[in-house]
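The block underneath contains the structure these notes are about, expressed in structure tokens.
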Amino acid sequence: MAKKIKYGKKQVAVWSYKVDHPLASASEVAKATKTSYGYVYKLFQKIGTPKEVIETAVKAKVDAWVIPETSESPGPRSYSRGDVLDTAKQYVTKDRAADHGDMEDNFQRIAEFWSVHLDQLIDAHDVAVMMTLLKVARIKSNPYHMDNFIDGAGYLACGGELVSK
């Protein structure tokens, strides 16, 4: 059974004002609701203010835009076209067969599965194009997540290699 929480008039006034004015500071809320700054400040500390929630959400979104620096990533926070291509090259030329199997065999297997599912012949190079389109769709959702651009370039490079054989 859920515990019923009782809110006092002051607390309801504070939160009501904060809902209507999400970026208001504790001092602004205290003045508007005729309560003490200390009371409002303590309420905000209990669960975080909407301003803090908004700032945290914005920071999380900005952090998602940037590939973290690792031993496998190039490191810079902004990418030139060369950086995107160099990173994609690192991804597609290092030995990924241990994790994913041979690229050509893998794309051919995916093509066969898709062909059965769609009742239509799909070639391995179509897999490269479709995976690139997947990355393009993800770019539509979040254009600042560089991984989608890098992977898209990598898939196109794989497709180019497949059709050139």
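The values are calculated or read from the model by the stated rules, or taken from the named source; none is laboratory data. The structure displayed is predicted, hence computed values, not measured ones. A quick note on method: Cβ atoms are made from the backbone with ideal geometry, for glycine too, and the neighbour counts reach across all protein chains shown.
Residue-level check: of (1) at pLDDT below 70; (2) over 30 Å from K135 (Cα atoms); (3) surrounded by 15 or more Cβ atoms within 10 Å (Cβ to Cβ), I5 misses just (3). Quick check on my filter: what residues within the stretch 21-46 are in a loop (DSSP other than H, G, I, E, B) and either touching a Pro at 6+ places or on another chain (Cβ under 8 Å) or farther than 17 Å from K9 by Cβ (or both)? If the condition is that a residue be in a loop (DSSP other than H, G, I, E, B) and either touching a Pro at 6+ places or on another chain (Cβ under 8 Å) or farther than 17 Å from K9 by Cβ (or both), then H21, P22, L23, A24, S25 are the ones that fit.
Answer with yes or no whether D126 is without any contact (Cβ under 8 Å) to a residue 60 or more places away in the chain and over 28 Å from the mean Cα position of the chain (by Cα). When the stated conditions are applied, D126 does not pass them.
Residue by residue, here is whether (1) over 29 Å from S78 (Cα atoms); (2) among the basic types (K, R); (3) surrounded by 16 or more Cβ atoms within 10 Å (Cβ to Cβ); (4) in contact with a helix residue (DSSP H, G or I) (Cβ under 8 Å, 6 or more places away or on another chain) holds:
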site	(1), (2), (3), (4)
D99	no, no, no, no
E112	yes, no, no, no
T132	no, no, yes, yes
R138	no, yes, yes, yes
S141	no, no, no, no
G152	no, no, yes, yes
C158	no, no, yes, yes
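Only one of Y79, Y91 is at pLDDT below 85 and assigned to a helix (DSSP H, G or I); which? Residue meeting the stated conditions: Y91.
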